[in-house]
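The values are calculated or read from the model by the stated rules, or taken from the named source; none is laboratory data. No experiment lies behind these values; they were computed from the predicted model shown. Cβ coordinates were reconstructed from backbone atoms using ideal geometry, including for glycine residues, and neighbour counts include every protein chain displayed. To get the accessible areas, we keep the full protein, side chains included, count just its heavy atoms, and leave off ligands, DNA and RNA. Shrake-Rupley method; radii C 1.70, N 1.55, O 1.52, S 1.80 Å.
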Amino acid sequence: MVGYIRNTLLPIVLFGGVSGVVSGIVVWGFKWCAKYLESESVAIYGWFRTNPTFIPLLFAGLIVLGLFSAVMNRAVPELRTNSISNSEGAMRGMIRYKWVQTIFGTMASSFLSYTGGLAFGAEGPSIQIGSAIGQATNDFGHFIEKGSPAWERYNVTGGAAAGFAVAFGAPLSGILYTLEEAHKRLSPMLLMTAASSVFFATIVSNTLGDLVGQADYFIQIGAISLMPYTLYWTLLVIGITAGALAAVFNTAFAKVGEFVRNKMTKIPVWVRIVGIFLLTGVVGLLFVDAIGGGHRIIQDILDKDFTWQVLLIMFFVRFVMLLITPNSGAMGGMFVPVLTVGALIGGLLGKAFIALGLPEQYYQTIVLVTMTTFMGATMRAPLTAIVLVVEMTNSYFSSFLATGITVMIAYLIVEALRVEPLYEKALIDSYRNTYKGKHRKVFEFSVVVEKGSFVEGRSVKDILWPYGCTIVNVIKVDDEGNKVDTTDKAGERVIRSGQTYTVKAFVYDEAKAIEEMEYLTKNYSVKETAELLRRHGIGGIILRRKNKDSKIESPELKNTDEKDLEAKNVNSQGGDFKADYLPSENADLKNNSLDETDELQDNVKKVSKTDEKSDAVDDK
């Protein structure tokens, strides 16, 4: 119990406290500024509509904003992909932030977008800012926990959950989002890490909100009428409509992204960004209600301020703008714009149902149910969508069953059509682009768990293993000293020191995968790990004992003479021992191209020569 508190609970609370407090302050301030800039943008467009003589000045200003945004895009790589995809990539270990430029670059570039009236929300960037703060907390984490590198993805997850919670004022949704959408798994450690960060961030943001008198809820709405079972036929219509439109939107969004990446390569990024600012300017002058993130539009739809004709026009305008704006290279979030499209669909369905005889008192219920359903279907995160709308309105518990039915129908439609989640395609493309010109390689390696390492005493499923790595076999020593090979498909096995884990990796960067596995399974300080990786690269990992005079702790190697060590490709001279991470004979290379396989074999030869030279030096 003492060890669990010291090694698990205490780091979670300390890391969560730091990242939660900092995220609460920074994201709250960012959200306040974004809201102010969006309202000022609407006022500016309104002024130019009444003073058309000065319209050329508006477009000149938009060109300047677009050029500054293009400069930010060029300077900060994290701004080239939408913020949600970046955040999920960081949580999954696919990318790593340069957190200083990410935090300030995200805020500055987003402010430019809000000033120009682009169809972006503040919630996506808030999540990216929070996740970058989580990584920053981890980078300074050696003051809290010497094994802080192993905590990185947990802390990034906590920061992202805190950013989500503060941006929407929805703590439970922040936790659910990281589990359901980002990691797509439930883990006690992930749950505790996210909850810890969200707890501190919510306290800080609520305190700041009370000081300045901000509204408590994202959407201000009165009591919601409970829909009787006799009207549940409307739920079938809502589920089918929202699911079909979500499938169309996700497919179209992916196609637009592919077109921009493959067909518009000769068009400079700055031209695309300036172009979207100018297009937004045209839309803002013609239809000022259609610009901005969408929070104001959702509120107006719920208040029944639009006719069905206006709703239809706004739906097509927002739908198209949401397809092209994020793919232009400009910075901003898509959560609220997606909710806005869902609200517009709900407004149209509500007007249609009322025309068919539905009592007007259920109009707001129809809008909220449709908005939730569309968001859940596009993101493929139904639980997050349901809980989010409940927390945003505080008046939605009466329609839980109705929402669950429509979300299930829409979810089945997008699943049947095999439509990818909204952010998944962009994330995968960004990951591949990071290693452009390289090929993913399949190789296997084994690692011995050391006493005092991060993974010791934890279950396999509780560990965030390096991206692209899978545990395929576990070798342990029984009470009689015999080796036992087992598998653990459910991930319930508790990891013990001395056990050998066989890992299959399918990655671009072998050294990175090995480095991350080192952080998890070895009892190293950050400095020692960095030095070992610098000296030996992908040629193998040297498992250095803290005290060269001490005995080898691994049961597999204890009482083993030098000949046995040589047979196992383990060198015990100089107080060190190493296990080469080379492709196994059983490694699955059939999916690799000939170039990939040849390159992998060349690496094997280089590794062997490097190790032979190293052994010769050690002998001398």
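Carbon and sulfur: what percent of region 388-454's accessible surface (1.4 Å probe)?
Carbon and sulfur atoms account for 57 percent of the accessible area of region 388-454.
Counting alpha carbon pairs within less than 8 Å and at least 6 residues apart, what relative contact order, in whole percent, applies to region 264-342?
40
Can you send over the carbon and sulfur percentage of the accessible area for region 64-210, probe radius 1.4 Å, protein chains only?
Carbon and sulfur together cover 71 percent of it.
Report the gain in length on full extension from Phe104 to Val248: 0.36 nm times residue separation, minus Cα-Cα distance, nm rounded to one decimal.
Once the chain is fully extended between Phe104 and Val248, it gains 48.4 nm.
Once neighbouring chains are kept in place and the probe is 1.4 Å, which whole percent of the accessible area of region 239-288 is contributed by carbon and sulfur?
That share works out to 74 percent.
Among 495-501, 345-351, what's the highest-first ranking by average C-beta atoms within 10 angstrom per residue?
Highest to lowest by the protection proxy: 345-351, 495-501.
Over region 1-134, what is the mean sequence separation of C-alpha contacts under 8 Å (at least six apart), divided by residue count, expressed as relative contact order in percent?
Averaging sequence separation for qualifying contacts and normalising by length gives 36 percent for region 1-134.
Among 306-315, 505-514, 55-64, what's the highest-first ranking by average C-beta atoms within 10 angstrom per residue?
Most protected by this proxy first, the peptides run 505-514, 306-315, 55-64.
Averaged per residue, what accessible surface does region 10-105 expose to a 1.4 Å probe, in Å²?
46
With a point put 7 Å past each Cα toward its Cβ, work out how far Phe287 is from Thr265 in nm, to one decimal.
Here the modelled spin labels are 3.5 nm apart.
Can you give me the long-range amide H partners of Asn473? Hydrogens built in the peptide plane at 1.01 Å from N, cutoff under 5 Å, separation of 5 or more residues or another chain.
Correct list: Thr502.
Whole-Hz Karplus ³J(HN,Hα) for region 192-197, in order, using 6.51 cos²θ - 1.76 cosθ + 1.60 and θ = phi - 60°, x for Gly and Pro?
Rounded to whole hertz, the list is 5, 5, 5, 5, 5, 5.
Once amide H atoms are placed 1.01 Å from N in the peptide plane, what residues at a sequence separation of 5 or more from Gly498, or on another chain, have their amide H within under 5 Å of its amide H?
HN-HN under 5 Å from Gly498: Val449, Glu450, Lys451.
Can you give me the accessible area per residue for region 338-398, using a 1.4 Å probe, in Å²?
Heavy-atom accessible area per residue stands at 24 Å².
For region 359-365, in order, what is each residue's ³J(HN,Hα) by Karplus, 6.51 cos²θ - 1.76 cosθ + 1.60 with θ = phi - 60°, in whole Hz (x at glycine and Pro)?
Result, ordered by residue: x, 5, 5, 9, 4, 4, 4 Hz.
Starting from the Cα gyration tensor of region 170-303, take the square roots of the eigenvalues, sort them a ≥ b ≥ c, and report rounded, prolate or oblate (rounded when a/c is under 1.5, otherwise prolate if a/b is larger than b/c, else oblate).
Rounded is the answer for region 170-303, as its axis ratio a/c remains below 1.5.
When ligands, DNA and RNA are left out and all protein chains stay put, how many square angstrom of accessible area per residue does region 126-210 have with a 1.4 Å probe?
Ligands and nucleic acids excluded, the result is 29 Å² per residue.
Could you sort 83-91, 118-126, 240-248, 97-105 so that the peptide with the highest average Cβ count within 10 Å comes first and the rest follow in order?
Packing order, densest peptide first, comes out as 118-126, 83-91, 240-248, 97-105.
Would you mind working out the magnitude of the charge dipole of region 36-169 relative to its Cα centre, with +1 at each Lys and Arg C-beta and -1 at each Asp and Glu C-beta, to the nearest 20 Debye?
280
If DNA, RNA and ligands are ignored and the probe is 1.4 Å, what is the ranking of Tyr177, Tyr362, Tyr411 by accessible area, most exposed first?
Tyr411, Tyr362, Tyr177
When a/c reaches 1.5 or more, the comparison of a/b and b/c decides; with that in mind, is region 238-294 rounded, prolate or oblate per its Cα gyration tensor?
oblate
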